[in-house]
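*Asks:* Next up is a structure, given as structure tokens.
The values are calculated or read from the model by the stated rules, or taken from the named source; none is laboratory data. Just so we're clear, the structure is a prediction, and the values are computed from it rather than from any experiment. Cβ: placed from backbone, ideal geometry, glycine included. Neighbour counts: every protein chain shown.
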Amino acid sequence: MNGTAHVACGAASGFIVANYVQATPTTTMILVGLGAVAGLVPDLDIDGTLRGRITLSHKATKSIAQIIGIMIIIYSLYEGTLDEKIRGVGIGALMIVISSRIKQKHMLTITGVGVVLGGVSLGELWMLLFGIYTILASFVSHRSYTHSIIGVIFFGYIGLELQKSLHIPGVFYTCFIAYCSHLLLDMKLIPNNKKGIKLFLPISSKEI
């Protein structure tokens, strides 16, 4: 199923929950927006458009790292002993080589690490957990663990902690229902879906 359908169903989930909890117009907008985002989250395991929109630009990061590497080399050639020069040039060259191999999929991992550090710094458990989720999503194959019951439970707990942090009723239900809606739309029971999801990983890898 395409991203537009996932966003629409996620947003609808937020709207339904907002009406259920009799939310104010402002809270309704928040829940609808949150639902739209949660409806896309399982697809963080795709090395494509969604990853690119939420991660830092790998081209910018690559350029910055290479510039820093060049500056280290230049500085090392003019300062320090011979050993320090050799070490400095080596470090600079290594930075250039490593940064030249950075791909967009690596940026999701780096972004996840940043979110984890942000969660630790701010003392926000939901942010820490979402950072961990993001890092894990950058390593798993598409429609695997993020599209399983494990993914639902993990993200559901993130939603629960987010609700505690925001003190907004309906946040947990919005996150949970919107996430589940994504999995439902990706199942084989939906027409035109050639592939399903491995809902019961790691117990079973059968697609449903």
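*Asks:* Check off (1) in contact (Cβ under 8 Å) with a residue 40 or more places away in the chain; (2) assigned by TED's automatic domain parsing to the domain that holds Phe15 for Lys198 and give me the number that stays unchecked.
*Replies:* (2)
*Asks:* Answer yes or no: is there a residue in the range 135-144 that is crowded, with 18+ Cβ neighbours inside 10 Å, more than 24 Å from Phe200 (Cβ to Cβ) and either modelled with pLDDT under 95 or in the same structural domain as Ala38 (by TED's automatic domain parsing) (or both).
*Replies:* Within the range 135-144, not a single residue is crowded, with 18+ Cβ neighbours inside 10 Å, more than 24 Å from Phe200 (Cβ to Cβ) and either modelled with pLDDT under 95 or in the same structural domain as Ala38 (by TED's automatic domain parsing) (or both).
*Asks:* Now a separate question. State whether one or more residues within the range 107-117 are on the phi < 0 side of the Ramachandran plot, within 14 Å of the chain's Cα centre (by Cα), modelled with pLDDT of 85 or more and surrounded by 18 or more Cβ atoms within 10 Å (Cβ to Cβ).
*Replies:* Yes, the range 107-117 has at least one match.
*Asks:* Now, a different point. For Gly118, indicate whether it is within 28 Å of Met71 (Cβ to Cβ) and not acidic (Asp, Glu).
*Replies:* Numbers: within 28 Å of Met71 (Cβ to Cβ): yes; not acidic (Asp, Glu): yes.
Spelling it out, Gly118 is indeed within 28 Å of Met71 (Cβ to Cβ) and not acidic (Asp, Glu).
*Asks:* Now for a different question. Scan the range 14-27 and tell me whether some residue there is modelled with pLDDT under 70, surrounded by 15 or more Cβ atoms within 10 Å (Cβ to Cβ) and in a helix (DSSP H, G or I). It would help to see each step written out before you state the result.
*Replies:* Within the range 14-27, the first condition is being modelled with pLDDT under 70, and the residues that meet it are none.
No; the residues of the range 14-27 include none that is modelled with pLDDT under 70, surrounded by 15 or more Cβ atoms within 10 Å (Cβ to Cβ) and in a helix (DSSP H, G or I).
*Asks:* Going by the conditions given, is Lys59 modelled with pLDDT under 75, in a helix (DSSP H, G or I), within 23 Å of the chain's Cα centre (by Cα) and crowded, with 16+ Cβ neighbours inside 10 Å?
*Replies:* It is false that Lys59 is modelled with pLDDT under 75, in a helix (DSSP H, G or I), within 23 Å of the chain's Cα centre (by Cα) and crowded, with 16+ Cβ neighbours inside 10 Å.
*Asks:* I'd like the full set of residues that are closer than 16 Å to Thr146 by Cβ, out of contact with any Gly (no Cβ under 9 Å at 6 or more places or on another chain) and either surrounded by 12 or more Cβ atoms within 10 Å (Cβ to Cβ) or of a type in the set (A, V, I, L, M, F, W, C) (or both), limited to the range 186-200.
*Replies:* The first filter runs over the range 186-200 and keeps only residues closer than 16 Å to Thr146 by Cβ, leaving 186-187, 195-200.
Filter once more, keeping what is out of contact with any Gly (no Cβ under 9 Å at 6 or more places or on another chain): 195-200.
If the condition is that a residue be closer than 16 Å to Thr146 by Cβ, out of contact with any Gly (no Cβ under 9 Å at 6 or more places or on another chain) and either surrounded by 12 or more Cβ atoms within 10 Å (Cβ to Cβ) or of a type in the set (A, V, I, L, M, F, W, C) (or both), then Gly196, Ile197, Lys198, Leu199, Phe200 are the ones that fit.
*Asks:* Next question. Which one of these is closer than 21 Å to Thr174 by Cα and surrounded by fewer than 18 Cβ atoms within 10 Å (Cβ to Cβ): Ile86, Ile102, Ile98, Ile153? So that I can check it myself, show each step before the final result.
*Replies:* Working: Ile86 fails: closer than 21 Å to Thr174 by Cα; Ile102 fails: closer than 21 Å to Thr174 by Cα; Ile98 fails: closer than 21 Å to Thr174 by Cα.
One residue alone meets the criteria, Ile153.
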